[in-house]
C-alpha cells in the first residue's frame, strides 16, 4: 500500500504541474489509492511520465538515465511486493494403499473426495492407468485444507512408474513419470549340499535369480537328476536401487557352474541388433534348439522303456516317451520352434499336440487338461501350448512327452540336442571384450571371497 501511494503521489504531482490541470490532489488521492489496482497505478505512472515529457520542457538538471534507473527500481519493488502477496495453499496429504477389490472411487471416498473429482481425473490423458489397480500400490491425495478441494493426486504404480494428476480449473492435467534405477553389479557363490534351490537361499539369492541360473545351464545340466553334493556356482548379477531402496535383482551377467567336476561358463551378450542371449566364452550359444524338458515342475513317473508293462492294459508295451508327473494345470511348453502338426483328442491320448520342427524333429505332448494352440499354428520355444492333465488312458495327472528324429523315437532325456546359432563373425571382436571384462570381474570376486574365508579360518 505504501508503494502504491508513492507511485500515485509522483504521478499526480507531475500531472498537476502541467498547464490546464486543476486537480484537487488532497481530495481525490485517498479515493484513488483505495480503488486503483497495482497494474492501474503502474499505467498511471507511465502515462504521467509520457505526458510530462510531451507537455512541459525538461526541468534543469533532468537526467533521463536517472529516471530509467528509478523506474527499474520501482518495477523491481512492485515485483517483490506482488510475490509477497501471493496466496498460499495449505495442503494436507492423505495416502491410501490399494487393497484387493479397491478401485479409485472407493479410495477417493475414504479420503473425503467428491465423485466429480474422481470423474475429472478418470477423463484425463493418463486416466486409463487407474482402471486396474493392484494390491499394495499407493495413491496420495493433496487436499486444500481451507476448502477441501483436491489439488493433486499421485499414483505410484511402482517406485519406477508414477502418475500425477494436477487440478487446473475444471479439469486435471496428468503426467507419467518414469524413473531410472541405479544398477550395481553384485557377486554370489554357493555350494550345493541338497539342491540348487536351497544353495541359492543360503547364498541370499532370490528365487527369480535361482530360476534364471537353472534356465541358463538347463540345456547342459539336468537339475533334477544330475545335481550332486559338492557341485558349485558363482555369478555376477544386477541389483536395482532407487533413493537407496533395494528394488530387486536384474539380469545375470556372467555365471559359472561346476557339475560332477565339469565346469560350464556362460555370459550374457546383447548384439548390435539388440538381441540378447547367453553364450559360452567361445561364442557358442548356451541355448539349444530344444528344451530338455517341456515343463518346470515335475517328477519322472515313467521313463523311456521299450519293454515296459503298461499300467492299465497290464501287457508288455513299449513306452516311447517319458512321463512327467505334475499337478493338473501345470504349463506345458513347446520344446522348440515349429508348427503344430496336430492338435486334437483321442481316447488313448486324451488331449494331444504334435509339433513338427523342420524336416528332422517331431515332439508329442499327451494327456493334456487343455490345449492352447491349434493345428497349423506356428509356435516358439518355451511358448505355453497346453496344461498338464489326466485325459485319455492315464492313471493320474502327468505329461507324456515323445521326441522323434526322422520318425524314430529317441529318449528325450539322453538324445543329443542340436545347438542354436553361435555368435556371428561380425560380432566376435565386440563379444570378446565383453567376455574378458565380465570373467575377469568374476575371477577377482571369487579370489576376494576365497581370501576372506581363509582370513576367517585363521582367526
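What follows draws every value from the coordinates through simple rules; no lab data is involved. Values in this document were obtained by computation on a predicted structure and should not be read as measured data. When we count neighbours, we look across all protein chains shown, and the Cβ atoms used for this are built from the backbone with ideal geometry, even at glycine.
A few remarks follow.
- Radius of gyration and maximum dimension Dmax of the stretch 86-138, Cα, Å: 12.7, 43
- If you look at the Cα atoms of the stretch 349-412, you get an Rg and a Dmax of 11.9, 34 Å.
- Net length gained if the chain between residue 186 and residue 444 were fully extended (0.36 nm per residue, minus Cα distance): 91.7 nm
- Counting only DSSP beta bridges with both residues in the stretch 164-304, the antiparallel share comes to about 100 percent.
- Averaging Cα coordinates gives a centre for the stretch 193-233 and one for the stretch 106-185; these two points are 42 Å apart.
- For the peptides 205-213, 437-445, the ranking by packing is 205-213, 437-445, with the highest mean count of neighbouring Cβ atoms within 10 Å listed first.
- Estimated FRET transfer efficiency (residue 161, residue 225; beta-carbon r; R0 60 Å; 0.05): 0.90
- Reference-scaled alpha-carbon Rg (2.2 N^0.38 Å with N residues) for the stretch 178-262: 1.17
- Separation of alpha-carbon centers, the stretch 410-429 and the stretch 264-279, rounded to whole Å: 13
- D_trans [Stokes-Einstein, Kirkwood Rh over alpha-carbon pairs] for the stretch 312-459, 25 °C, 0.890 mPa s, µm² s⁻¹: 132
- Cα-Cα P(r), the stretch 91-178, percent of pairs per 10 Å interval: 18, 58, 24, 1
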